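Report on the following structure.
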Amino acid sequence: MPPVALGPRSWFTDLRYLDAPNLIACGVLESDAGLLLVDPGPATTRAALERALADRGATLADVHAILLTHIHLDHAGVTGTLVAAHPAIQVFVHEAGAPHLVQPDRLLQSARRLYGAMMDRLWGAFLAVPARNVHPLSGGETLSFGERTLAVAYTPGHARHHVSYLDRASGTAFAGDTAGMRIRGTDYVLPVAPPPDIDLPAWHASLDTLRAWNPDRLFLTHFGPVADVEPHLQAMAARLTAWGDAVRASLEAGGDDDAHASRFRQTVSREVEAHVPPALVPAYLRFGEPSASWHGLARYWRKHAERR
């Protein structure tokens, strides 16, 4: 898919993760300082990113900065590789994620436990980013790149190191995973809630933060622009609440976690299949893997019970 316009001097591209459409999107903003990449994806999609830039008459040498919503591999994995090839690239990331870009050993150990032998095929190399290139954010900043300005908000819930960016010129709120996933051509919103950082109250507050920006559109890494902002945020909040209640009820009932997660996956899969065109169902269930979300929400409820 060729790059698609978002607004003035802004566009996005499908990174064709695992050679499939509608899985990972990268936002690109043009500025007098150079190109700004929002969530450039994993190392395995670098070639697709380079092709998209070439379609617009640009190369990676034209990139001034990478804006990360968070450091999960599907969003940030290629960052160190790009900086190694082009050391002038600056990287903006939440302060809790910054140390893991500079020293990614713990992050990679955790990922290898999860993905095992599939790690390299799925994500490729995750190289460290030199500390001098990393700009930690806490939320509340305004970033200026030539004439282009972006507001930064702290938007935890999916991850404790999650931020979102509002591009004032295009009215686009780059929401990462905070507003869930929704593939173009459907109105079905799916939370992505894997362990370990899920925090339901924080997540609902982050949806309110996005709403307060009053953007013209949301931009979801999975997948693309959403123009009906308020209905989308309402649907996301309702599904978060429903999922949280369902997982809490299954914990209260007792029994085996994996069995509960399997039943939850079956329930969500049936709902997705009822609301989404058949061709898009695999994409929803790949990045919105319901069993992983059951475990993420279960971890939240158990931590919540320990604090009481």
For the stretch 173-188, which positions are among the aromatic types (Phe, Trp, Tyr) and surrounded by fewer than 24 Cβ atoms within 10 Å (Cβ to Cβ)? Tyr188
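Conditions (1) crowded, with 22+ Cβ neighbours inside 10 Å; (2) at pLDDT below 95; (3) closer than 22 Å to Leu122 by Cα; (4) touching a Phe, Trp or Tyr at 6+ places or on another chain (Cβ under 9 Å), marked per residue:
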position	(1), (2), (3), (4)
Phe12	yes, no, yes, yes
Leu15	yes, no, yes, no
Glu30	no, no, no, yes
Ala33	no, no, no, yes
Val38	yes, no, yes, yes
Val63	yes, no, no, no
Gln90	no, no, no, no
Out of (1) out of contact with any Cys (no Cβ under 7 Å at 6 or more places or on another chain); (2) without any contact (Cβ under 8 Å) to a residue 40 or more places away in the chain; (3) farther than 25 Å from Gly139 by Cβ; (4) surrounded by 15 or more Cβ atoms within 10 Å (Cβ to Cβ), what's the single condition that is false for Pro3? (2)
Arg211 being in contact with a Ser or Thr (Cβ under 7 Å, 6 or more places away or on another chain) and basic (Lys, Arg): no
Could you figure out which of (1) modelled with pLDDT of 95 or more; (2) surrounded by fewer than 20 Cβ atoms within 10 Å (Cβ to Cβ) isn't true of Ala20? (1)
Any chance Ala111 is over 28 Å from Asp62 (Cβ atoms), buried (at least 16 other Cβ atoms within 10 Å of the Cβ) and at pLDDT below 95: yes
Is there any pair with a first residue in the stretch 32-51 that is within 23 Å of Ser164 (Cβ to Cβ) and a second that is in a helix (DSSP H, G or I) and among the hydroxyl-bearing types (Ser, Thr, Tyr) whose Cβ atoms are under 8 Å apart and which are 6 or more apart or on different chains, and what are they? Pro40/Thr79; Gly41/Tyr17; Pro42/Tyr17; Thr45/Tyr17
Out of the residues in the stretch 16-49 that are assigned to a loop (DSSP other than H, G, I, E, B) and within 16 Å of Thr81 (Cα to Cα), state the one that is nearest to the chain's Cα centre (by Cα). Asp39
Let me confirm something: among Leu210, Leu218, Leu233, Leu251, which residue is outside any helix (DSSP H, G or I) and either at positive phi or not β-branched (Val, Ile, Thr) (or both)? Leu218
Of all residues in the stretch 106-161 being at positive phi and touching a residue at least 12 places away in the same chain (Cβ under 8 Å), which is nearest to the chain's Cα centre (by Cα)? Gly157
The residue from Pro3, Pro8 that alone is touching an Asp or Glu at 6+ places or on another chain (Cβ under 7 Å), at negative phi and modelled with pLDDT under 95 is Pro3
Scan the stretch 163-171 and give yes if some residue there is under 28 Å from Leu297 (Cβ atoms), surrounded by fewer than 20 Cβ atoms within 10 Å (Cβ to Cβ) and of a type in the set (D, E, K, R), otherwise no. no
Can you tell me which residue within the stretch 189-240, out of those that are in contact (Cβ under 8 Å) with a residue 40 or more places away in the chain and of a type in the set (S, T, N, Q), is surrounded by the fewest Cβ atoms within 10 Å (Cβ to Cβ)? Thr209
Which members of the stretch 282-308 meet the condition of being without any contact (Cβ under 8 Å) to a residue 60 or more places away in the chain, buried (at least 17 other Cβ atoms within 10 Å of the Cβ) and of a type in the set (A, V, I, L, M)? Leu285, Ala298
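The values are calculated or read from the model by the stated rules, or taken from the named source; none is laboratory data. Predicted, not measured: the structure shown is a model, and the values here were computed from it. Counting neighbours? That spans all protein chains shown, and the Cβs are built from the backbone with ideal geometry, glycine included.
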